[in-house]
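The values are calculated or read from the model by the stated rules, or taken from the named source; none is laboratory data. Small disclaimer: the values here were computed from a predicted structure and weren't measured. We place every Cβ from the backbone using ideal geometry, glycine too, and count neighbours over all the protein chains shown.
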Amino acid sequence: MNRKEYTYKEKKDTRSGFGDGLLELGKNNREVVALCADLTGSLKMGEFKNEFPERFFQIGIAEANMMGIAAGLTIGGKIPFTGTFANFSTGRVYDQIRQSIAYSNKNVKICASHAGITLGEDGATHQILEDIGMMKMLPGMTVINPCDYNQTKQATIALGSHTGPAYLRFGRPKWPIFTNKSDTFEIGKGIKFIDGNDISIFATGHMVWQALEAEKILFKMGISCEVINIHTIKPLDEELILKSVNKTRCAISCEEHNIVGGLGESISRVLGEKLPVPLKIIGVNDSFGESGKPLDLLVKYKLDPETIKKSVLEVLERK
């Protein structure tokens, strides 16, 4: 089997991957414009602003207005990337996204930082855990949740040539970089990181690293896990999911999101309709977050490698 031991040499926040990807896009496509809701530094949009001041729009703390302006810019052929915290990118402006962007299929890229409980000390009011569900339910909306700096940069660049509304979710903390700069990123196509026979582990965002850490523990226990990165939650790579589970006959999913409405529910729909097998969904169990250090919160809300290990053992008992 193709088992690679994943390690990292440095950590870097995924929001920096967005900022660097946006800058590269701006250099290669004059139609790319950026809008920010008074969080230029937090969204790492400063270099784009400095390089292309005529294509950067500081809207201020007026997120709903930002979405409307972005929708209007697409009519003139521009490709707008909006930037603010995930909570403000979705919960605060859902009506504007639904009516002005999704319903009319506008080519707006909604880029959302500080998602999930790894936002940390800012607490529950900012740690949105419902955003994936909100966005994936909108007809025609693409939803992407990359796993590290490199993949976030690649996803941002890929969205420059993607037509239609899209939601790009990323985070605040420094996180291991374990993918390669040269890796291929294709919207809607998951990536198998490790081949395995006993169980399929599907993970998205920061939880991909947690899944890889859990796989190391399980490998030492003699359990062969297939680890797959589902960076695109919509459209979902059903073919890859079914191919993997047809081999392993059981699965778990891992996400830094409410178990209601996230990746796990999308996978459960596919498996329930086409290949019923034991499945465990790992995520936040229908609750809000709280203030704390990111890694401590992952442990408290049972999103750590040890919990993944225990869940794998539980599912294997049901296999």
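Observations on the structure shown:
- Taken as a whole, the structure leaves residue 217 outside the set of residues that are of a type in the set (A, V, I, L, M), in contact (Cβ under 8 Å) with a residue 12 or more places away in the chain and over 23 Å from residue 318 (Cβ atoms).
- Only one entry of 92, 98 meets the criterion of being in a helix (DSSP H, G or I) and modelled with pLDDT of 95 or more, and that entry is 98.
- Look at the range 199-212: where a residue is farther than 18 Å from residue 114 by Cβ and a partner is of a type in the set (Ser, Thr, Tyr) and in a strand (DSSP E or B), sitting 6+ places away or on another chain with Cβ atoms under 7 Å, you get 202/253.
- Tabulated pairs, the range 226-249, first outside any strand (DSSP E or B), second of a type in the set (Phe, Trp, Tyr) and surrounded by fewer than 22 Cβ atoms within 10 Å (Cβ to Cβ), C-beta under 8 angstrom, 6+ apart or interchain: 231/185
- Matching residues in the range 61-108 - criterion: being out of contact with any Ser or Thr (no Cβ under 7 Å at 6 or more places or on another chain), in contact (Cβ under 8 Å) with a residue 40 or more places away in the chain and among the charged types (D, E, K, R): 78, 98
- Counting residues in the range 46-53 that are part of a strand (DSSP E or B), buried (at least 19 other Cβ atoms within 10 Å of the Cβ) and either out of contact with any Pro (no Cβ under 8 Å at 6 or more places or on another chain) or among the small types (Gly, Ala, Ser) (or both) gives zero.
- Filter result for residue 152 (part of a helix (DSSP H, G or I), in contact (Cβ under 8 Å) with a residue 12 or more places away in the chain, under 24 Å from residue 304 (Cβ atoms) and in contact with a Lys or Arg (Cβ under 9 Å, 6 or more places away or on another chain)): yes
- Every residue from the range 101-119 that is among the hydrophobic types (A, V, I, L, M, F, W, C) and part of a loop (DSSP other than H, G, I, E, B): 108, 115
- Which listed residue is in contact with a strand residue (DSSP E or B) (Cβ under 9 Å, 6 or more places away or on another chain), of a type outside the set (Gly, Ala, Ser) and either part of a helix (DSSP H, G or I) or modelled with pLDDT under 95 (or both), from 73, 43: 73
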